[in-house]
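Asks: Mind having a look at this structure? Questions to follow.
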Amino acid sequence: MIRRDKEWNDSAISYEKFEKKWGYYKKVANLLLQPLDIESDAKVLDLACGTGALTFEIAVLNESLILTS
């Protein structure tokens with residue numbers, strides 16, 4: 001079995017630096033959420049959460065959040 005820990009860790013570090021500098025994923029998440037008008041009591045299922053940026057913004061709006069990756 002080939003271990004990819006270093007590649008995953010390096011990728012996560014690069015992602016974190018990029019996001020801290022540009023805030024790209026947060027901006028995109030907010031653009032995606034604007035037309036949805038999610039109510040605070042709505043049930044939301046986020047499949048394949050990816051970076052978690054969209055999930056985080058949904059959680060700010062909504063307490064009933066189910067997520068899986």
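Asks: Of everything in region 17-34, what is within 26 Å of ASN62 (Cα to Cα) and open to solvent by 90 Å² or more (accessible area, probe 1.4 Å)? Give them in sequence order.
Replies: LYS20, TRP22, TYR24, LYS26, LYS27, LEU31, LEU32, GLN34
Asks: Moving on. Give me the residue from region 3-25 that is among the basic types (Lys, Arg) and assigned to a helix (DSSP H, G or I) and, out of that set, farthest from LEU54 (Cα to Cα).
Replies: Residue satisfying both the conditions and the ranking: LYS6.
Asks: Can you find, within region 35-69, the residue that is modelled with the lowest pLDDT among those that are of a type in the set (Val, Ile, Thr) and open to solvent by 60 Å² or more (accessible area, probe 1.4 Å)?
Replies: This residue is THR68.
Asks: May I ask you to say which residue of ILE2, ILE13 is surrounded by fewer than 14 Cβ atoms within 10 Å (Cβ to Cβ), β-branched (Val, Ile, Thr) and modelled with pLDDT under 75?
Replies: ILE2
The values are calculated or read from the model by the stated rules, or taken from the named source; none is laboratory data. Source: prediction; values computed, not measured. Counting neighbours? That spans all protein chains shown, and the Cβs are built from the backbone with ideal geometry, glycine included. Heavy atoms of the whole protein, side chains included, go into the accessibility calculation; ligands, DNA and RNA do not. Shrake-Rupley method; radii C 1.70, N 1.55, O 1.52, S 1.80 Å.
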